[in-house]
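**Student:** Here it is: the structure, laid out below.
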Amino acid sequence: MNSSDSGSENTSAQEHAPSISGQDGVALPSIQLTPIDGRILELSGWRQGAIISNESVQSLLKQGNINFFSEEAREFANDPDFIWVIITQSCDLVHVGVNEPMVEVILLKPSNKIDSNFKPLKNPRKIQLQHQDNHMDSAPHWRLTFSRDNLLSFSPESHLESEVLRGLRRWLSRRYKRSAFSGKFDARWKSLNSQGTRVDKKISKLLEILNDKVLMILIEGNVDKDLPEEDDYSISVIAVTKEQEDEDFMYNHIENPAFKGKTLAQLVDDLSEFLNSCNGIEVTSTFVESENTVSYKRIKNGFVWDTDALSEDSNLDTSDED
């Protein structure tokens with residue numbers, strides 16, 4: 001085949017290439033799905049966690065055709081203090097062909113306030129990370145997409161540290177797979193207990209403190225089901241500690257005035273006791289296990305109970321009692 005035939009064939013292929021455009025009133029960028037060689041992006045250093053320089057950001061904004069997830073994202077994208085981070089999976093980013101036309105970016109904002117409630121996996125609606133010497137905030141709707149071939153003109157400024165990227169990736173994915181507790185289960189521990197008192201504030205405080213100190217609190221049982229009032233939720237409570245913690249870790253005293261210097265192990269027992277005092281909840285066992293000894297079955301079948309369980313009820317007061 002001579003060069004003229006090849007050129008005619010390429011032109012014909014481009015003319016018949018499928019494209020993506022806005023429909024039903026939704027403004028989406030119009031993209032010609034022509035193959036790009038993802039190996040060029042890989043050689044240029046593009047992968048998940050890559051940071052786009054401010055100069056490249058300005059060029060991308062001038063080109064337009066950016067799909068913003070929210071008006072906040074549109075506003076923040078023009079702020080030079082925000083960092084643009086690629087979150088498209090690395091293999092998808094450098095894929096050769098037309099099946100991955102878009103690249104997804106999340107925006108990170110420098111923060112002067114450190115808040116442990118927004119560590120990775122602590123809250124599904126906000127995250128705080130540490131990149132180099134800076135604390136960075138982000139939210140799931142601070143995202144945008146644009147055509148992947150726009151990256152061919154640039155190289156990344158730098159990359160997120162591996163541990164930081166891992167936390168960001170787990171936080172984003174957990175929005176789609178985090179535990180969903182039954183409203184009837186929640187109502188039982190947020191209502192008057194068998195002694196006619198409320199323990200929801202104490203449970204909330206315990207959850208906040210424990211989730212800041214251990215890897216996770218797991219609940220085993222059918223807490224995702226709406227049970228009849230006459231049936232108890234029969235559950236187990238498991239505190240999973242980080243691998244690097246020594247055997248004495250759970251017996252360290254907590255520096256929190258609400259619990260008068262109790263140890264972590266005592267706080268786990270208190271959590272179980274408070275839950276067990278609630279009408280319609282029976283705690284059958286309590287465990288403390290390290291992440292390198294806890295079984296895969298327990299992780300797979302258990303429900304992670306964290307501060308997200310509190311954020312669903314904005315009227316729940318977790319302040320100190322008199």
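**Student:** Give the shape of the range 167-303 as rounded, prolate or oblate, defined through the alpha-carbon gyration tensor: a ≥ b ≥ c are the square roots of its eigenvalues, a/c under 1.5 means rounded, and otherwise the shape is prolate if a/b is larger than b/c and oblate if not.
**Tutor:** On the way: a/c = 1.74, a/b = 1.18, b/c = 1.48.
Oblate, because a/c is 1.5 or more while a/b does not exceed b/c.
**Student:** Only counting other Cβ atoms within 10 Å, I'd like L152, L215 sorted with the fewest neighbours first.
**Tutor:** Numbers: L152 14, L215 18.
Sorted ascending by nearby Cβ count, the order is L152, L215.
**Student:** Can you give me the relative contact order of the range 183-311 as a percent, contacts being Cα pairs under 8 Å and 6 or more apart? Provide the component values of the computation, followed by the final result.
**Tutor:** Details: 200 pairs, mean separation 44.5, N = 129.
Relative contact order comes out at 35 percent.
**Student:** Simple spin-label model, 7 Å along Cα-to-Cβ: R166 to D37 in nm?
**Tutor:** With each label point 7 Å from Cα toward Cβ, the separation is 3.5 nm.
**Student:** Quote the FRET efficiency, to the nearest 0.05, computed for N65 versus T263 with a Förster distance R0 of 56 Å and r equal to the Cβ-Cβ distance. Kindly include the intermediate steps, with their values, before the conclusion.
**Tutor:** Numbers: r = 57 Å, r/R0 = 1.01.
So the FRET efficiency works out to roughly 0.50.
**Student:** Compute the whole-percent fraction of alpha carbon pairs in the range 156-202 spaced more than 12 Å apart.
**Tutor:** Working: 804 of 1081 pairs.
Of all Cα-Cα distances in the range 156-202, 74 percent exceed 12 Å.
**Student:** Let me know the Kirkwood hydrodynamic radius for the range 143-242, please, with Cα pairs as the basis and the value in Å to one decimal. Can you show the working numbers first?
**Tutor:** Numbers: mean 1/r = 0.0566 Å⁻¹.
One decimal place: 17.7 Å for the Kirkwood radius.
**Student:** Kirkwood Rh, the range 44-196, all Cα pairs: how many Å?
**Tutor:** Working: mean 1/r = 0.0587 Å⁻¹.
Taking every pair of different Cα atoms in the range 44-196, averaging 1/r and inverting gives 17.0 Å.
**Student:** Would you order V199, V105 from fewest to most other beta-carbon atoms within 10 Å of each residue's own beta-carbon? Numbers along the way, then the final one.
**Tutor:** Values: V199 21, V105 24.
Lowest to highest Cβ neighbour count: V199, V105.
**Student:** Which distance in nm do the two modelled labels at Q195 and N112 give, with both placed 7 Å along the Cα-to-Cβ direction?
**Tutor:** According to this spin-label approximation, the distance is 4.5 nm.
**Student:** If you don't mind, another one. Express in nm, to one decimal, how much length is gained between N134 and E75 on full extension, taking 0.36 nm for each residue of separation and deducting their alpha carbon distance.
**Tutor:** Details: separation 59, 0.36 × 59 = 21.24 nm, distance 2.17 nm.
Length gained between N134 and E75: 19.1 nm.
**Student:** Using the 10 angstrom Cβ neighbour count as an exposure proxy, how do L227, L108, L43 rank, fewest first? Spell out each step's value before the answer.
**Tutor:** On the way: L227 16, L108 25, L43 11.
Ranked by crowding around the Cβ, least crowded first: L43, L227, L108.
**Student:** Could I have the simple spin-label model distance between R178 and E230, label points 7 Å from Cα toward Cβ, reported in nm to one decimal?
**Tutor:** My value for the distance between the label points is 3.6 nm.
**Student:** Cross-link list K62/K126; K109/K190; K62/K177; K109/K262: which exceed 32 angstrom alpha carbon to alpha carbon? Numbers along the way, then the final one.
**Tutor:** Values: K62/K126 29 Å; K109/K190 35 Å; K62/K177 37 Å; K109/K262 37 Å.
Over 32 Å apart, Cα to Cα: K109/K190; K62/K177; K109/K262.
**Student:** Using R₀ = 45 Å, calculate the FRET efficiency as 1/(1 + (r/R₀)^6) where r is the Cβ-Cβ separation of Q58 and K300; round to 0.05. Write out the running numbers ahead of the final one.
**Tutor:** On the way: r = 46 Å, r/R0 = 1.02.
So, using R0 = 45 Å, E works out to roughly 0.45.
Only the coordinates and a few stated rules stand behind these numbers; no lab work does. In this text the structure is predicted, and so the values were computed from the model without any measurement. Cβ atoms come from the backbone with ideal geometry, glycine included; neighbour counts cover every protein chain shown.
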